[in-house]
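First up is the structure itself, then whatever we jot down about it.
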Amino acid sequence: MKQAGVFRHAAVRLLGLIPTLLVLITIAFFLIRIAPGGPFDAEKVLPPEIRANLDANYHLDEPLLQQYFRYLGQIVTGDFGPSFQYKDWTVNELIARGFPVSATIGGLAMALAFVLGTLIGTFAALKQNSVIDYSVMGVAMLGISIPNFVVAPLLILGTAVYAGWLPAGGWDWSWQRMVLPVVTLALPVVAYIARLTRGSMIEVLHSNYIRTARAKGLPERQVIRRHAFKPAILPVISYMGPATAALITGSVVIERIYSIPGLGSYFVQGALNRDYTLVLGVVIFYGIVIVVLNFIVDLLYAWLNPRIRYDEAQ
Amino acid sequence: MFARSCSVLCCVMALSACGDGQNDFGRPQGKRAQPVQLVLLEDGRPAPEVLAEEQVVYRGNGEEPETLDPHLAQGVPATRILRDLFEGLTAESAAGDLVPGAALRWNISRDARTYTFYLRRDLVWSNGDPLRADDFVYGLQRAIDPETNSSAARTLLPILNAREVLAGELPVEELGISLLDEFTMQITLTGPTPYFLGLLASPVAFPVHKGNVEALGDQFSKPGNLISNGAFVLTEWTPRVSIVLEKNPRYRQAETTLIERVVYTPTEDRAAEVKQFRSGALDWTNEVPNNQFKWLQANYPDELVTSPWMGSYFLGFNLTQEPFIDNPSLRMALILSVDRQIITEKVTQFGEKPSFALVPPGIDGYVPFSPEYADWAQEERDHEARRLYEQAGYSEENPLRVEIRYNTSDNNKKIALAVASMWKQALGVNATLVNEEFRVFLQNREQKLVTQVFSAGWISDYNDPYSFLEMFRTGHGRNDYGYSNETFDALLDEVGTERVRARRERLMFEAERVLMSDHVIIPIFTYVTKRLVNPHLKGWQNNVMDHHPTQTMFKLKSSEMSSAEKNP
Amino acid sequence: MPLLSISNLEVEFETAEGVVKAVNGMTFDVFEGETLAIVGESGAGKSQLVLSFMGLLAENGSVSGEAKFRGEDLLQMKPRELNRIRGRHIAMIFQDPMTSLNPFLSIEKQMTEVVRHHQGLSREEARAHAVEMLRAVRIPDPEERIKQYPHEYSGGMRQRVMIAIGLLCAPELLIADEPSTALDVTVQAQITELVGELRKKTKMALVLITHDLAAVAEISDRIIVMYAGEAVETGTVDEIFYSPQHPYTRGLIASVPRLDRISDDELQAIPGNPPNLLELPIGCNFRDRCSEATEQCLERPPVWRATSGRTSRCFQGIEGGEIVNE
């Protein structure tokens, strides 16, 4: 019964995705076309013969609406087409190479942020209004307010340039190259999760059922872990949907500073170069990722919160 | 629970703490080893005993290359790699001089329109197939064939019928390229083109392996597929991570090529690139950030290299709109009142040369035009500027209001700010700054509707002043100034047909003089290249084209003495 | 020896407005097997009194005095020692069953964790025991319902679960803090009845905290009447009901609806409100609301004790009693 509810829910959500994506594609398609300049506009102007030839080969000489329907017909088959800028690669190839990198960095950063953030937040909540609480949360505030384009170069200077412990950048799937980007990406999220956790943990600790748990003579550790933790992280779970989407779709700043071949830079480069196919491909892919993630978070939320599970089954 | 939180923290610290000073990530700062003294053999090659054991070069390369198809590539990052992978009929030495490449020698007809090339007889592709003249013919035909979709083909327009073929009016066989025999080919041009031999050393004129291209289509330039004829072959390409080349044992000069492996790393972020260099991960950077120049000069004097480049930075006037239409006095006043010395010494600070004309010095022996005011003191210029300003009808009570438009970049902004304040100070001009995203900026320049003064610059594709002058021709696609002068156009026409080098240079000089006397641009400075180079890396030389083939490079081993000094 | 011996217990809270004295020198004993009711209006400090020796005060609360359980002072115990007593020897039921169960954990988990922790039972043993206990509090179909979550239970059912949890380790003392207040009137009676019945069966002592004097009449042995943090009168049920000595007790009894009263006119609530604990009045705390107050009441009233052991904190005294403090 509950299982069926979940599946039906999933099916409805996934169907609901189609019009959303269509709107997204349409807006993205026309928006990038409205932007001045095209993929072949450069400082060194092309002779008209070459320009006409290129436009014809890429169908840029057709009416815009015709191009739009041509594009829709193409992506229905799962083909995002060739990149205008990176001529040796298709957009599918670029996404297939970029996304795993972004997803790994972002996923690890999220995992790290979740573990550290909830622990720090819980710790601060338990020591509420003590020196420890204030110093931990003060550091967390710094984590939120210092932008990562400041943190990252400092980390590189410290660990790579002066100490030589870690590489200064680049990518080869080794853990050494993941450490700095993951840490940089995680820091503000750690801080934010810590604040969320602290707030909700304090609220939960004042609730009657925690008093009941304590009256049962359970050790404090068990009271926190079994009784307080789950309800306290619910706000964190809600936050994690969009936050994870933001992390795993790739941070342009992190990718540039650490020279990481993630998806974020493709999006920006694509937009700057008017690489229509690349921009659209990445936008649509982002759209799918975000919807899927929010769906997963919904499931997770329901799994953690029995009351919601109950409502679903009704 | 808290025990666990602690263990996670410890874990993170352990992750960052493992490894000591000796590691895979290069040499930490402060322990920089010095190379041994270079010793050359009689034939000019380095003595084997001074060479480092590992001959691998790590080169920062700017943006990700857009393609490794030589006929499609246009950007500097891609063409730089392609020059390592392929060899044209002609080639360039470390100093940038033109030398024979695949062609051992060539003849140029009396009318300077027909070139006959005689190829070396022992050439092979990297897969062992013989390399013959028809490979070059096929290469040029493919580059110009409209099917290929090449933007780079624009540089091949001097070839007879190239324009018609590109427009689809003639079949590719009608190009002025003919195969005389297995080792001989002929190229006919529309007119004398002194830089044509230089063009043949660029990727768009490189040969490609016909069988490979026809079999693999657009996949032929991928690692494992690409067959090349240069000093190196492509072994790995991970987009935005690295492109790895290895020495081509079948290259005609493989015996004297010392570098075994070249790793090109895209470096989109200049500050990050410098950090990678400092951590030892790069031997050669693509650039250095302007704001670190002073620091690098103090801390990396041996590594920091600057050299003149064949590019100019200037501001352009839109001559089709107010206030500059038919107002040479005002334009001249603005040109005069810019203190180039201050801009290069205080603003850009990279040893750029203050400039008073369009063409940078050092291009193929050409000496640029120099206007009279170049020798004046700035005070004199300002004085004359004020006179012209008032003559144009402006004054303190009625100041000129003008926009300086530039595409978003720190450097453009700094220069625009400096220029605005110089105008303000000398003339009382109220200049406002407008920055725009690159393609928006380009479109505005082209439309000539909203632009007044705009930042411009030109870095030449080939070693010829014509490349700079050409865009001021009436109706040229990049003539965003709206400049049109029959005398100038006629001079350029003459340049196109003149085959005597000295006469041609005089014509170009005269054209530049006409252009500068019409006050179309505000020359600011000529570019320099600036980068960090590992002092162990030798065998390269500064040149105005900034072409540095890896083929001639080699790495010295570290000096024992310097390490003894470190630990007395 | 009494099971629980409270003496001179004081509870204070630091608040932004100042120090609030919630409990002011309570002294009493609870003997094995007896039922003691602590009665008073809300705010009289009865809940804080029991929370204090259970170690469940809010962070801003502090407690002093003595609370000896079998001779050991609960107030001096470290959390770990206290946890050996709480849940196992002293169990507690709270007044709001809707929020006192953890909504995120199944009933099974919330029950079994107690016996698994205190008695080291295996999962299966703990579960069987928990089902038994649910049956004892008359939850129908306990094998199935134990898998459910609190939101699937009604209020009365939840309170039964709370009681079952309290009884899991067969404690010597059960403290029930207004166990039926938040429930329907019909359910209230059932719950009170159930508690009394279970007490008889298990021979444990019961401390029943309530504002409703009538509700505890049936099941209590002794009663403590609290007002503004102090015990104003103590005695057996009969003593309190048939010869209340303190004007406040009399007021409470007068406000209880009874079958032997002729009309509702005689049913009267005590006028006024309990005093502000931040600024207690001079003299008797009840003076402002007391219809029998005199000049004398501006002094602090003495505690009278009769030979039967009953006490009253009032100048009126107890016939045949004596003043035990000043």
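The table below gives the values:
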item: Strands (runs of 3 or more DSSP E) contained in region B:62-177 and holding at least 1 residues among the aromatic types (Phe, Trp, Tyr); result: B:103-108, B:114-119
item: Test: residue in region B:455-465 that is in a helix (DSSP H, G or I) and in contact (Cβ under 8 Å) with a residue 24 or more places away in the chain; result: no
item: Tally, over region A:141-162, of residues that are of a type in the set (A, V, I, L, M) and away from chain B (no Cβ under 14 Å); result: 4
item: In region C:73-121, residue farthest from the other protein chains (Cβ to nearest Cβ) [restricted to those that are in a helix (DSSP H, G or I) and acidic (Asp, Glu)]; result: C:108
item: Enumeration of residues in region A:190-212 that are in a helix (DSSP H, G or I) and at the interface with chain C (Cβ under 7 Å from one of its Cβ atoms); result: A:208, A:209, A:211, A:212
item: Selection from region B:40-98 of residues that are aromatic (Phe, Trp, Tyr) and either under 19 Å from residue B:142 (Cβ atoms) or under 19 Å from the mean Cα position of the chain (by Cα) (or both); result: B:86
item: Segments classed as helices (runs of 4 or more DSSP H), wholly inside region C:176-275, with at least 2 members that are of a type in the set (S, T, N, Q) and either modelled with pLDDT of 80 or more or under 17 Å from the mean Cα position of the chain (by Cα) (or both); result: C:185-202
item: Region B:449-465, residues that are farther than 21 Å from residue B:528 by Cβ and within 14 Å of chain A (Cβ to nearest Cβ); result: B:449, B:450, B:451, B:454
item: Helices (runs of 4 or more DSSP H) within region A:225-282 that include 2 or more residues crowded, with 22+ Cβ neighbours inside 10 Å and on the phi > 0 side of the Ramachandran plot; result: none
item: Odd one out for residue B:487, checked against (1) closer than 23 Å to residue B:335 by Cα; (2) in contact with a helix residue (DSSP H, G or I) (Cβ under 6 Å, 6 or more places away or on another chain); (3) within 14 Å of chain A (Cβ to nearest Cβ); (4) of a type in the set (Ser, Thr, Tyr); result: (3)
item: Region B:403-456, residues that are buried (at least 16 other Cβ atoms within 10 Å of the Cβ) and small (Gly, Ala, Ser); result: B:416, B:418, B:420, B:426, B:428, B:431, B:455, B:456
item: Hits in region B:477-511 - residues which are surrounded by 17 or more Cβ atoms within 10 Å (Cβ to Cβ), over 24 Å from the mean Cα position of the chain (by Cα), in a loop (DSSP other than H, G, I, E, B) and not polar (S, T, N, Q); result: B:482, B:483, B:498
item: Which listed residue, of B:292, B:341, B:276, is free of Cβ contacts under 8 Å to residues at least 60 places away in the same chain, touching a strand residue (DSSP E or B) at 6+ places or on another chain (Cβ under 8 Å) and not in a strand (DSSP E or B); result: B:341
item: Some residue of region B:71-79 being closer than 28 Å to residue B:162 by Cα and in contact with a Leu (Cβ under 7 Å, 6 or more places away or on another chain); result: yes
item: Condition broken by residue B:273, with the remaining ones in (1) in contact with a helix residue (DSSP H, G or I) (Cβ under 8 Å, 6 or more places away or on another chain); (2) among the acidic types (Asp, Glu); (3) closer than 24 Å to residue B:414 by Cβ satisfied; result: (1)
item: Members of region B:306-322 found to be touching a residue at least 40 places away in the same chain (Cβ under 8 Å) and surrounded by fewer than 17 Cβ atoms within 10 Å (Cβ to Cβ), listed by number; result: B:306, B:307, B:320, B:321
item: Residues located in region B:462-476, provided they are out of contact with any Asp or Glu (no Cβ under 8 Å at 6 or more places or on another chain) and either over 14 Å from residue B:359 (Cβ atoms) or small (Gly, Ala, Ser) (or both); result: B:475
item: Number of positions in region B:376-402 that are surrounded by 16 or more Cβ atoms within 10 Å (Cβ to Cβ) and part of a strand (DSSP E or B); result: 1
item: Residue among B:271, B:281 that alone is surrounded by fewer than 19 Cβ atoms within 10 Å (Cβ to Cβ), within 12 Å of another protein chain (Cβ to nearest Cβ) and closer than 12 Å to residue A:259 by Cβ; result: B:271
item: Residue, nearest to residue C:109 (Cα to Cα), within region A:208-223, restricted to residues that are in contact (Cβ under 8 Å) with a residue 12 or more places away in the chain and among the β-branched types (Val, Ile, Thr); result: A:223
item: Matching residues in region B:398-450 - criterion: being hydroxyl-bearing (Ser, Thr, Tyr) and either under 25 Å from residue B:471 (Cβ atoms) or not assigned by TED's automatic domain parsing to the domain that holds residue B:476 (or both); result: B:406, B:408, B:409
item: Pairs where the first residue, in region B:478-507, is acidic (Asp, Glu) and the second is part of a loop (DSSP other than H, G, I, E, B) and at pLDDT 90 or above, C-beta under 6 Å, 6+ apart; result: B:489/B:473; B:489/B:474
item: Within region A:29-40, considering residues that are more than 7 Å from every other protein chain (Cβ to nearest Cβ) and touching a residue at least 60 places away in the same chain (Cβ under 8 Å), the one surrounded by the fewest Cβ atoms within 10 Å (Cβ to Cβ); result: A:33
item: Residue, nearest to the other protein chains (Cβ to nearest Cβ), within region B:387-444, restricted to residues that are acidic (Asp, Glu) and under 23 Å from the mean Cα position of the chain (by Cα); result: B:437
item: Scan of region B:178-195 for residues that are among the hydroxyl-bearing types (Ser, Thr, Tyr) and outside any loop (DSSP other than H, G, I, E, B), ordered by number; result: B:178, B:184, B:188
item: Residue list for region A:184-207, restricted to those being farther than 10 Å from residue A:125 by Cβ and either under 24 Å from the mean Cα position of the chain (by Cα) or modelled with pLDDT under 90 (or both); result: A:184, A:185, A:186, A:187, A:188, A:189, A:190, A:191, A:192, A:193, A:195, A:196
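Per-residue answers, yes or no, for (1) in a helix (DSSP H, G or I); (2) facing chain B (nearest Cβ under 10 Å); (3) more than 30 Å from residue B:479 (Cβ to Cβ); (4) of a type in the set (A, V, I, L, M):
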residue	(1), (2), (3), (4)
A:42	no, yes, no, yes
A:66	yes, no, yes, no
A:73	yes, no, yes, no
A:80	no, no, yes, no
A:92	yes, no, yes, no
A:110	yes, no, yes, yes
A:114	yes, no, yes, no
A:117	yes, no, yes, no
A:125	yes, no, yes, yes
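The values are calculated or read from the model by the stated rules, or taken from the named source; none is laboratory data. Values in this document were obtained by computation on a predicted structure and should not be read as measured data. Ideal geometry is used to build each Cβ from the backbone, glycine not excepted, and the neighbour counts take in all protein chains shown.
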